[in-house]
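What follows is one structure encoded as structure tokens, with my remarks underneath.
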Amino acid sequence: MGTHLLGLFLTVAFAHFLALLSPGPDFILVVKTALNARRIDAIAIAAGIASANAIYISTCLIGVGALIAANSQLMSLLSLAGGAFLIYLAVHALSARKQNYAIADTASLPTSDRLKSSLTGKFFTGFVSGILNPKNLFFYLSLFTLVLTNDVNLLFKVVLGIWMTAAVFLWDAALAFFLSAQPMQRRFIRIAYFIDKMSGVLLGAIGLTIVKSALLN
């Protein structure tokens with residue numbers, strides 16, 4: 001890898017990492033799940049989010065993302081769907097009962113079939129959260145204006161895409177691993193109910209803002 005490409009890679013990777021540090025709907029969803037569920041559930045959420053990001057990264061790197069973003073009607077529909085999904089998550093969090101918040105012990109763990117189904121559901125929730133967030137598409141489009149040039153080869157784009165997808169998963173999985181540790185959960189268990197309600201309010205506010213913006217455009 002030449003000096004130019006190395007500098008380009010480091011620039012994009014650093015900007016991407018800074019974006020990961022900024023709390024958004026996906027971040028809130030991972031934190032909420034890690035504090036209120038099992039570690040594997042939060043990691044499944046992280047995997048779903050990373051998969052959605054992988055799709056946006058791929059479409060942007062091959063130029064399809066620009067075509068999607070140029071279609072105002074499609075972007076409005078995507079925004080409406082994303083906002084509605086966040087509102088759905090908010091309603092689910094706000095309607096949960098206080099007695100539902102407890103750390104599951106090994107005796108209460110689901111069977112393998114139920115576990116598989118539960119993990120599939122968590123993965124799907126993470127995926128939908130990521131894919132219906134139009135800010136992800138716009139972020140990658142703006143970031144890849146540096147990359148989509150004639151002097152950048154396909155191999156570089158593939159390596160960059162794999163790196164960024166891995167970074168999304170590893171960051172969210174690290175959050176899930178840290179926050180789902182039993183000492184951490186025990187520390188938060190008394191306020192988990194209120195954390196979930198706060199998460200619901202934040203997700204709902206973000207969802208309503210996205211829907212409002214989509215309807216006004």
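One line per residue, one yes/no per condition, for (1) part of a helix (DSSP H, G or I); (2) under 23 Å from Gly204 (Cβ atoms); (3) modelled with pLDDT of 85 or more:
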position	(1), (2), (3)
Pro23	no, yes, no
Lys32	yes, yes, no
Ala42	yes, yes, yes
Ala47	yes, no, yes
Ala50	yes, no, yes
Ser58	yes, no, yes
Ala66	yes, no, no
Ala69	yes, no, no
Gln73	yes, no, no
### Task
Name, by its number, the condition in (1) under 12 Å from the mean Cα position of the chain (by Cα); (2) at pLDDT 80 or above; (3) over 15 Å from Phe127 (Cα atoms) that does not hold for His16.
(1)
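In the range 170-187, how many are over 21 Å from Leu21 (Cα atoms) and touching a Leu at 6+ places or on another chain (Cβ under 9 Å)? Spell out how you get there, then give the answer.
Here is the first cut: in the range 170-187, the ones over 21 Å from Leu21 (Cα atoms) are 182-183, 185-187.
After this cut, where a residue has to be touching a Leu at 6+ places or on another chain (Cβ under 9 Å) as well, the list is 185.
Of the residues in the range 170-187, 1 are over 21 Å from Leu21 (Cα atoms) and touching a Leu at 6+ places or on another chain (Cβ under 9 Å).
For (1) among the aliphatic types (A, V, I, L, M); (2) within 13 Å of Ile131 (Cβ to Cβ), each residue gets a yes or a no:
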residue	(1), (2)
His16	no, no
Val31	yes, no
Thr59	no, yes
Ala81	yes, yes
### Message
Looking only at residues that are among the β-branched types (Val, Ile, Thr) and at pLDDT 80 or above in the range 137-178, which one is surrounded by the most Cβ atoms within 10 Å (Cβ to Cβ)?
### Response
Val168
### Task
Take the residues in the range 87-123 that are within 21 Å of Ile43 (Cβ to Cβ) and in contact with a Gly (Cβ under 6 Å, 6 or more places away or on another chain), then tell me which one is modelled with the lowest pLDDT.
Ala93
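The values are calculated or read from the model by the stated rules, or taken from the named source; none is laboratory data. Every value quoted in this text rests on a predicted model; they were computed, and no experiment measured them. Neighbour counts run over all protein chains shown; Cβ positions are idealised from the backbone, glycine included.
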